[in-house]
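First the structure, in the form of structure tokens, and then the observations on it.
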Amino acid sequence: MTHTPAIQFDTVGFGVGDLSAEFSFQRQPGSVTAILGPSGAGKSTLLNLAAGFLAPRSGEIRLQGRKVNDLPPSARDVSVVFQDNNLFAHLDIRTNIGLGIDPALRLDSPGWAQVDAALDRVGLPGFGRRMPATLSGGERQRVALARAFARRRSLLLLDEPFDGLGPGLAADMLGLMRDIRADVGATVLMVTHDPDEARAAADEILFISAGRISADASAEGFFERRDLPDLEKYLGRTVTS
């Protein structure tokens with residue numbers, strides 16, 4: 001049976017300054033894709049195009065078969081978790097999560113119950129009235145994931161959200177990401193620089209180099225391949241001729 005891709009980039013071009021990028025790929029619903037590549041290759045650019053924070057100069061972006069090139073981020077069925085967690089410092093945790101459900105914060109009792117349930121799911125019950133500055137880095141990332149739980153969008157974009165958390169905490173966060181995937185049936189695109197993180201979490205790999213996808217493959221055995229010079233260089237291995 002053929003399924004409509006959860007996300008599809010059809011020759012999507014973007015350029016600004018020294019960066020020129022063009023991406024073509026598609027992913028089926030419920031898949032988890034790790035996006036890797038050297039610094040400046042265009043990994044975050046791809047995520048920002050999918051989210052609507054950047055507008056392509058050419059090509060088509062489709063979510064669940066619908067062209068979304070002209071849709072603002074708020075109108076796309078997407079949740080985004082950044083490395084800096086993107087919380088409003090002057091608002092308490094409960095309000096930060098509530099804004100993810102409705103930017104106007106017009107939540108009824110079931111809506112606020114959804115916020116509290118999301119905090120419970122990430123192990124932060126009773127944290128709703130705390131301010132972001134009173135939380136550790138790991139706790140703030142849990143709040144960002146709680147917001148993704150509460151939003152229940154079909155596409156989850158993660159831009160190095162676990163960087164600098166330490167192996168144990170990063171593993172916990174990956175577990176929460178899998179919970180979102182299972183609960184919502186979300187398709188996940190995850191930018192990471194850590195091959196071990198990609199091995200643990202992903203079904204598929206997009207490897208980006210110089211604004212192009214140089215490899216689109218299954219995660220199984222990907223990092224053992226010796227036929228991709230860009231990957232060899234990225235991993236610091238000797239490139240064989």
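Considering only Phe127, Gly137, Phe149, the residue lying farthest towards the positive end of the dipole of the stretch 89-152 is Gly137, judged by Cα position with unit charges set on Cβ.
Placing one equal scatterer on every Cα of the stretch 89-152 and applying the Debye formula, the log10 ratio I(q)/I(0) at q = 0.14, 0.15, 0.28 Å⁻¹ is -0.31, -0.36, -1.29. Of all DSSP-defined beta bridges confined to the chain, some 50% are antiparallel rather than parallel. Note that the stretch 127-132 has calculated 3J(HN,Hα) couplings of 8, x, 8, 6, 9, x Hz, one per residue in order, obtained from phi through the Karplus relation 6.51 cos²θ - 1.76 cosθ + 1.60 (θ = phi - 60°); glycine and proline are x. When the chain is described by a simple charge dipole with +1 on each Lys and Arg Cβ and -1 on each Asp and Glu Cβ, the residue from Ala41, Val68, Val12 located farthest towards its positive end is Val68.
In this simple spin-label approximation, Asp84 and Arg106 carry label points 7 Å from Cα along the Cα→Cβ vector, and these lie 3.1 nm apart.
The loop-placed trypsin sites (Lys or Arg not before Pro) in the stretch 193-241, going by DSSP, that have at most 16 neighbouring Cβ atoms within 10 Å of their Cβ come out as Arg225, Arg226, Arg237.
Pick out, in residue order, every one of the chymotrypsin sites (Phe, Trp or Tyr not before Pro) in the stretch 210-241 that is DSSP loop and has at most 16 other C-beta atoms within 10 Å; say none if there are none. Present the calculation step by step, with values, prior to reporting the outcome.
Working: sites: Phe222, Phe223, Tyr234; in loops: none.
Loop-located and lightly packed - none at all.
Take the Cα of Arg212, step 7 Å toward its Cβ, do the same at Arg178, and the gap between the two points is 3.6 nm. The phi-based Karplus calculation (6.51 cos²θ - 1.76 cosθ + 1.60; θ = phi - 60°) puts the 3J(HN,Hα) values of the stretch 227-235 at 9, 10, x, 5, 5, 4, 5, 4, 7 Hz, whole numbers, x for Gly and Pro.
Given +1 on the Cβ of Lys and Arg, -1 on the Cβ of Asp and Glu, and no further charges, what dipole in debye does the chain carry about its Cα centre, rounded to the nearest 20? Don't skip to the end; give the middle numbers.
Details: 26 positive and 30 negative charges, 106 e Å.
About 500 debye.
Every read-out reported here was derived from the displayed coordinates using simple, explicitly stated rules and does not represent laboratory data. Just so you know, these numbers come straight off a predicted model, no measurement behind them. FYI the Cβ positions are ideal-geometry reconstructions off the backbone, even for glycines, and counts take in every protein chain you see.
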